[in-house]
Amino acid sequence: MNVFKYRILNHILFWIFIYAFYSMPFVLTSGDLSEALINLIYIPFDILTVYFVIEFLIPRFLLRNRKLFIFLLGVVAAISINILISQYIKYNVQPALGYWTIKRHLTVDLFYALLTNFMIVGLASAMKLLRYSYNIQLQQSEMERRAAQSELNILRSQVNPHFLFNVLNNIDALIFEDKEKASNAIFLLSKIMRFMLKESSEEKVMIDKELSYIEDYLELVKLSFQNPRFLKFQITGKNSGKQIPPLLFIPIIENAVKHCNKQVEVPGIEMEFRIESDSISLKTSNFIKRNDFNLPDTGTGTGLKNVEKRLKLLYKDNYTFEINRKNDKFEVYIKVPLT
């Protein structure tokens, strides 16, 4: 309704402008209101001509079917009829109403009538086409936004089952080895599930919630290591109270845990978050087996490939994502802006 009201207002302002443009110069120069009153007779026919062109000819023949010849023929016909009507009013109606008429040569009258009609119809048509072009751009932008959002949702949904699969495998092994650790693992998993159910569907989450979720996950991971110090995790910088997309870092962390070589000395996995005023970064490094050629995670189609897809959708080119493998060490570095 608001759009409809604004559209009506725009049309009213347009015709006020047209009326003032052709009436006010005579009123201001001569002080005679007769010209302004006479123009009130012409305005309804101009309105009919304009709306016939912009509401019938343009949508039906110019935009939809691209029939330019029929469109031009219709415009010429509409303007010709309007000129005939205006000439009839000028030489028959005006004198009958007692208004003086300046008689010019027919070619001069036709020239001024054509100029007037082409200006009014041309201006209205240009505004119609500009608004149509603007609406098309809005629709395309909205479609691109929805497509990007849909792909992000798909990528997020791919992260969750992959994550749960790994965690449940760990818990299954712990049940037979240490029931207390298994109970603690289930408690940590419940916290993680609450985050995934409540927060992961949001566009963005607070940094402290995301990091708390990651810490819970890593505590769960440490239960599967013989030495808890095998995984070194630290956060540097102060929480700025800003937001980041949920589950953005977890595939990188999962990848480091999944492909680590547990036979190396402590620490086998190192992870560091660095929080700055306008960005947050994560650097992971882990030792891998020399014959492990499946990095990054290409087996399931998730993992690091999806991280890079999300980064492109979310940040365009305003991010850093680096993957390096040096002999038996695998490193990933990601840095994104904060909002």
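Pairs meeting the criteria (first residue in the range 249-269 and without any contact (Cβ under 8 Å) to a residue 40 or more places away in the chain, second residue assigned to a loop (DSSP other than H, G, I, E, B) and open to solvent by less than 10 Å² (accessible area, probe 1.4 Å), beta carbons under 9 Å, at least 6 apart or on different chains) are Cys260/Gly268; Cys260/Ile288; Lys262/Gly268. Does the range 133-144 contain any residue that is modelled with pLDDT of 75 or more, β-branched (Val, Ile, Thr) and open to solvent by 60 Å² or more (accessible area, probe 1.4 Å)? So far as the range 133-144 goes, no, none of its residues is modelled with pLDDT of 75 or more, β-branched (Val, Ile, Thr) and open to solvent by 60 Å² or more (accessible area, probe 1.4 Å).
If only residues of the range 17-31 that are open to solvent by 50 Å² or more (accessible area, probe 1.4 Å) and within 48 Å of the chain's Cα centre (by Cα) are counted, the one that is modelled with the lowest pLDDT is Pro25.
Residue-level check: of (1) modelled with pLDDT under 90; (2) within 39 Å of the chain's Cα centre (by Cα), Lys179 misses just (2). If I ask for residues that are open to solvent by 40 Å² or more (accessible area, probe 1.4 Å), under 26 Å from Ser133 (Cα atoms) and among the acidic types (Asp, Glu), which ones from the range 32-83 would you list? The answer is Glu55, and nothing else.
Restricting to the range 84-93, give me the number of residues that are closer than 16 Å to Val108 by Cα and open to solvent by less than 80 Å² (accessible area, probe 1.4 Å). I'd like the intermediate steps shown before the answer.
In the first step, residues of the range 84-93 are kept if they are closer than 16 Å to Val108 by Cα; the result is 84, 86-88, 90-91.
From what is left, the residues that are open to solvent by less than 80 Å² (accessible area, probe 1.4 Å) are 86-87, 90-91.
Residues in the range 84-93 being closer than 16 Å to Val108 by Cα and open to solvent by less than 80 Å² (accessible area, probe 1.4 Å): 4 in total.
When only residues in the range 241-270 that are aliphatic (A, V, I, L, M), more than 15 Å from Glu210 (Cα to Cα) and crowded, with 20+ Cβ neighbours inside 10 Å count, which is modelled with the lowest pLDDT?
First pass over the range 241-270, keeping only residues aliphatic (A, V, I, L, M): 244, 247-248, 250, 252-253, 256-257, 264, 266, 269.
Going one step further and asking which of them are more than 15 Å from Glu210 (Cα to Cα), we end up with 256-257, 264, 266, 269.
This time we only want the ones that are crowded, with 20+ Cβ neighbours inside 10 Å, so: 256-257, 269.
Values: Ala256: 89, Val257: 85, Ile269: 93.
Ranking the candidates gives Val257 first.
The values are calculated or read from the model by the stated rules, or taken from the named source; none is laboratory data. Just so it is clear, the structure is predicted and the values come from calculations on it, not from any experiment. Here the Cβ is made from the backbone with ideal geometry for all residues, glycine too, and neighbour counts use every protein chain on show. For accessibility, only protein heavy atoms count, side chains too; no ligands or nucleic acids. Shrake-Rupley method; radii C 1.70, N 1.55, O 1.52, S 1.80 Å.
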